[in-house]
């Protein structure tokens, strides 16, 4: 009988962002052994991007090749398609059309590569290494510049028939509501609950409350961070910003719960720093809108991962089976 | 090597409705070999109900016992819980609290019994025997007195962590919209797209259109059927009833699609008789609200099962593995 020491298995996790691509070697315990970054937005040709990635990542791989066993490469990227292994028309990447990322990576690195969108990768990372360990049914909501989501049902990420499932940020919560700055849709969750949306709300509420501390901030500074700082000082306008946002988030969550009946909703991202200012009204609204059979059953949890590590861990986690 | 003739495998399918319980023996090809009904609403004690069910169903089972192999009993019922094998507080059944239906049935019939809610059973039935054969990712929407749903992801019914997933009729489409007559929630899909909801809308639109043919119907007759009859004659108010309802249905469907990215949405139930009057505006609205990556990918399909057979087939289908 041979005993496999899983701690010697490593994966290369790569997170492709609009500006920066982060990557690192991760072991089966979710420890990042080494990491680095390259710029994404300087490579108009994806082949140049992969060449630079290889130039920086391959020395890392060779360094660990003697003592560890590289079992694969996991990638998280906007608009990435798990089934096709492609990135399709990601609005914040320079590569237009369909980029056959898995094919290009496999050719270059000669290693099995898996790709999915960044929110799915985050959910898988939490299930493998983080706050969702042991959970079989949960929804991860990432509240950052945008609103992303990863849905887990029966221990498996939901990809849908085409690999694009789980775009909960774009579901409509308020029909004919706020117009989204990029999709043009009206009243989507992202239009309100993203940092971008909260900045808009903060400016709106500042105008409504002449005595608000938000007036100490310039128009440009008047964002989610400013709202949080003012909320901490008890500013009514700032508290209203989060109550308003939280209620819309709660309405959306209630619909999600009646879809897949998860045991938990896990939050991640910069906006979550607002904590109970946001999550308490969200929880209360969600509970109010749920059918009785769903009430008092869904836990709220906040990711404990360091933001700088989460993207790499999420991408790397794709390589391990559940 | 022994060859199993699957056509000799049969299942007892039982559909528990508020008034009537239908049941029948079904073979693996989805043929109903024999069927019968008993009254549900005359048995305040669930044990009496099961005694009568046994009295009527067992002779059927004995008749087929010689030539067929009974592989199990499948049941569809409102508020039924697949994991627990129970019916929990179904508002239209006399049995209050939690009814351990699977336990009681197994004791009486000495046969493996599976239960789930009626909408899930319908979805499983379509996957096993009907319009959803071969589909791995679809959502079934039943538009009857209420709005039910069964969600299939990767070929499996979605039950959620507690067995109650898929209550799409109760998701909120129009926040602070029409109050639901029984749940009290405001703006749920069921409040508009069920036969009950459409009857309310029909009365509203009749009042708005003084020249409408709907005025030939009494207040009580002014329902989805009346609206359909008038729509067939080109009545503007009636056409508006379905356009209004279809648009709300389409808004809801767009959110569902961005959740699980199904390849098809399958409709069933009396309301679907309205056909394109309802489904065309629903489709157009859904497409309008979808993110570009989801557009032109989702097929609409209408169940071809006879309504009288569908409930029995759905229940029986639970017994077969996919």
Item to check | Residues located in the range B:283-322, provided they are outside any helix (DSSP H, G or I), more than 19 Å from residue B:73 (Cα to Cα) and free of Cβ contacts under 8 Å to residues at least 60 places away in the same chain | outcome: B:290, B:291, B:295, B:296, B:297, B:298, B:299, B:300, B:306
Checklist entry - Is it the case that the range A:89-98 has a residue that's more than 8 Å from chain B (Cβ to nearest Cβ) and crowded, with 23+ Cβ neighbours inside 10 Å? => result no
Checklist entry - Only one of (1) surrounded by fewer than 23 Cβ atoms within 10 Å (Cβ to Cβ); (2) within 21 Å of residue B:166 (Cα to Cα); (3) touching a strand residue (DSSP E or B) at 6+ places or on another chain (Cβ under 8 Å) fails for residue A:266. Which number is that? => result (1)
Next on the checklist: Being within 24 Å of the chain's Cα centre (by Cα), touching a residue at least 12 places away in the same chain (Cβ under 8 Å) and outside the structural domain of residue B:93 (by TED's automatic domain parsing) is the requirement here; does residue B:154 meet it?
Outcome noted: yes
Checklist entry - Looking at residue A:117, is it buried (at least 21 other Cβ atoms within 10 Å of the Cβ), modelled with pLDDT under 95 and out of contact with any helix residue (DSSP H, G or I) (no Cβ under 9 Å at 6 or more places or on another chain)? => result yes
Item to check | Residue in the range A:157-172 that is farthest from residue B:152 (Cα to Cα), counting only those that are surrounded by fewer than 22 Cβ atoms within 10 Å (Cβ to Cβ) and facing chain B (nearest Cβ under 7 Å) | outcome: A:162
Next on the checklist: If residue A:149 meets every condition in (1) crowded, with 24+ Cβ neighbours inside 10 Å; (2) more than 10 Å from chain B (Cβ to nearest Cβ) apart from one, which number is that one?
Outcome noted: (2)
Next on the checklist: Looking at the range A:253-275, can you tell me whether even one residue there is within 14 Å of chain B (Cβ to nearest Cβ), modelled with pLDDT of 95 or more and more than 30 Å from residue B:97 (Cα to Cα)?
Outcome noted: yes
Checklist entry - Can you tell me which residues in the range B:124-144 are without any contact (Cβ under 8 Å) to a residue 60 or more places away in the chain and either under 18 Å from the mean Cα position of the chain (by Cα) or under 27 Å from residue B:188 (Cα atoms) (or both)? => result B:133
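Yes/no per residue for (1) free of Cβ contacts under 8 Å to residues at least 12 places away in the same chain; (2) surrounded by fewer than 20 Cβ atoms within 10 Å (Cβ to Cβ); (3) under 19 Å from residue A:141 (Cβ atoms); (4) in contact with a strand residue (DSSP E or B) (Cβ under 9 Å, 6 or more places away or on another chain):
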residue: A:71; (1), (2), (3), (4): no, yes, no, yes
residue: A:87; (1), (2), (3), (4): no, no, no, yes
residue: A:102; (1), (2), (3), (4): no, no, no, yes
residue: A:107; (1), (2), (3), (4): yes, yes, no, no
residue: A:122; (1), (2), (3), (4): no, no, yes, yes
Checklist outcome for this item: When residue B:175 is run through (1) under 21 Å from residue B:290 (Cβ atoms); (2) buried (at least 18 other Cβ atoms within 10 Å of the Cβ); (3) within 14 Å of chain A (Cβ to nearest Cβ), the failure sits at (2)
Checklist entry - Quick check: anything in the range A:223-235 out of contact with any helix residue (DSSP H, G or I) (no Cβ under 7 Å at 6 or more places or on another chain), surrounded by fewer than 23 Cβ atoms within 10 Å (Cβ to Cβ) and under 21 Å from residue A:169 (Cβ atoms)? => result yes
Checklist entry - Within the range B:120-135, is even one residue at pLDDT 95 or above and facing another protein chain (nearest Cβ under 9 Å)? => result yes
Item to check | Hits in the range A:221-252 - residues which are part of a loop (DSSP other than H, G, I, E, B) and either within 14 Å of chain B (Cβ to nearest Cβ) or within 25 Å of the chain's Cα centre (by Cα) (or both) | outcome: A:221, A:222, A:223
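The values are calculated or read from the model by the stated rules, or taken from the named source; none is laboratory data. Note that the structure is predicted; figures quoted are calculated from it, not measured. A quick note on method: Cβ atoms are made from the backbone with ideal geometry, for glycine too, and the neighbour counts reach across all protein chains shown.
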